[in-house]
Amino acid sequence: MKNIRPLILTLLTLALAACGKSGPVAPTAGALTSTEEKKLSLFCWSEYVPQSIIDSFTKETGIKVSMETYSSNEEMLSKLLAGGGKYDLIQPSEYTIEALIKDGQLLPLNPADLSNLNNIAPEFRAMSFDLGNKFSVPYMAGFVGICVNTAKVKTPVQTFDDVFTPTHKGRIVVLDDAREIVSWALGDLKLGINDVTTENLALITPLLKKWLPLVKVYDSDSPKTSLKNGDVDLGVIWSGEAALLYAEDKKFIFVLPESGAHLFVDNLAIPKAANHPKNAHLFINYILRPEVSKLISDAFPYYNPNTAARKLLSAEQLSNPASYPPAQNISRMQTFRDLGQFSAKVDELVTQIKAKGN
Ligand code: N2P
């Protein structure tokens, strides 16, 4: 009988080669299967997960992904807690992971389903809010800083006081995020950005009353838009948004404030009531592939914690100072801690001043 093994091997090689060429992301390490119904409900930050990634995941696994977006951790939390088992995968920042773990709201991850986890840099695997990634996997990190259109603003801008001056009244965009705003004022008064107490909130109130009436636009979804359109000249925004502006036009610079600000670490995590936890693991492991994570950096150029993905980035991407600021400037930045009952007070203070201030 004729030996058909060489033929089978050739066909197999051809099939694998074809696979590699079939799309931007070939099935590689970490392709697992799931017996759950082919659905995944993703609840994530807006402008953070490219549709192309979702599409290629569906193409590879047959799992249909529905995506809902939010613009703050607080919005996500209230919808999550009201939603029963509506969401399979969420994307909280470090302090919200801390709160969710404390409250028993997250499903422990199954390390056997996350074979690509070692692509994450060691420092991001040893974060105090979830040591050893028992409940969460870093998706992307970044900074809150000052973005300046240098064609419009000719004076140096290094501090929050330089932003919030009457000269810039009506020309400022800021994140629509009470926790972030409060941290700027705390830092400005040389108080710790996590030191939220009744006394400190009272101390920053006059400053916020001075600052917030100067703001023209509150926008956490796409703060780059008003800068790009020329509706405003400067602002306090997410680093990835500033990186997109800089990539397009070098007149937009990004400054990490002298007093420091937030170094955020956004993570993927599975709520305990999730209906498709296995599919959620598949998605996390998919995101962890270097070539997938690289595509995320291409679309949303934040500070990528995936070392293997960073190796795939171009010199231009890695030298964008908003995405990858100099280490000595990063050292001023701090992660947030869970504030417990004080988070409601932070919200209340900013809401009140915003309502009266404009
Ligand atoms: C992405 C928002 C960045 C997340 N649009 C900030 N934690």
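Can you find, among 328, 80, 305, the residue sitting farthest towards the positive end of the charge dipole of the chain, where Lys and Arg contribute +1 and Asp and Glu -1 at Cβ?
Final value for the positive-end residue is 305.
When you count, for each residue, the other Cβ atoms within 10 Å and take the mean per peptide, how do 71-77, 252-258, 128-134 rank with the highest first?
252-258, 71-77, 128-134
For residue 102, go through the lysines and keep the ones whose alpha-carbon is under 16 Å away, minus same-chain ones fewer than eight residues off.
134, 272
Rounded, prolate or oblate, given the Cα gyration tensor of region 254-314, with a/c below 1.5 counting as rounded?
Oblate, since a/c reaches 1.5 and b/c is not below a/b.
Within region 70-211, what whole-number % of the accessible surface is contributed by carbon and sulfur, with the 1.4 Å probe and all protein chains included in the calculation?
The C+S portion of the solvent-accessible surface of region 70-211 is 58 percent.
So between residue 316 and residue 58, what do we pick up on full extension, going 0.36 nm a residue minus the alpha carbon distance?
89.8 nm
What distance in nm lies between label points placed 7 Å from Cα along the C-beta direction at residue 79 and residue 273?
The modelled label-to-label distance comes out at 1.5 nm.
Determine, for each peptide in 282-290, 197-205, the mean count of other beta carbons within 10 angstrom over its residues, then list the peptides with the highest first.
Averaged packing, sorted descending, gives the order 282-290, 197-205.
Multiplying the sequence separation of residue 209 and residue 128 by 0.36 nm and subtracting their Cα-Cα distance, what value in nm do you get?
25.8 nm
Given axes a ≥ b ≥ c from the Cα gyration tensor, I'd like to know whether region 99-250 is rounded (a/c under 1.5), prolate (a/b larger than b/c) or oblate.
It is oblate, given that a/c is not under 1.5 and a/b is not larger than b/c.
Rounded to whole Hz and in sequence order, give me ³J(HN,Hα) for region 303-311 from the Karplus expression 6.51 cos²θ - 1.76 cosθ + 1.60, θ = phi - 60°, writing x for Gly and Pro.
For region 303-311, the Karplus curve yields 8, 7, x, 8, 4, 5, 6, 4, 5 Hz.
Ignoring ligands, DNA and RNA, what accessible area per residue does region 140-234 give at 1.4 Å, in Å²?
It amounts to 38 Å² per residue over region 140-234.
Test of understanding: in a Gaussian network model of the chain with alpha carbons linked when under 10 Å, which of 151, 242, 308 would top the mean-square fluctuation ranking?
Evaluated over the chain, the most mobile residue of the options is 151.
Tell me the accessible surface of residue 246 in square angstrom (1.4 angstrom probe, heavy atoms of protein chains only), to the nearest ten.
50 Å²
Over the Cα atoms, compute the radius of gyration (one decimal) and Dmax (the largest Cα-Cα distance, rounded to a whole number) for region 186-317, in Å.
For region 186-317, the Cα-based Rg and Dmax read 18.8, 50 Å.
Output the 0 to 90 degree angle, nearest 10, between the alpha-carbon long axis of helix 239-248 and the longest principal axis computed from the alpha carbons of the chain.
The angle comes out at about 80 degrees.
Using a 1.4 Å probe over the heavy atoms of the protein chains, calculate the carbon and sulfur portion of the accessible area of region 236-307 as a whole percent.
It is 56 percent, rounded to a whole number.
Provide the gained length on full extension for the span residue 356 to residue 115, in nm with one decimal, where the gain is 0.36 nm per separating residue minus the Cα-Cα distance.
81.6 nm
The values are calculated or read from the model by the stated rules, or taken from the named source; none is laboratory data. Source: prediction; values computed, not measured. All Cβ positions, even for glycine, are placed from backbone atoms using ideal geometry, and neighbour counts span all protein chains on display. Heavy atoms of the whole protein, side chains included, go into the accessibility calculation; ligands, DNA and RNA do not. Shrake-Rupley method; radii C 1.70, N 1.55, O 1.52, S 1.80 Å.
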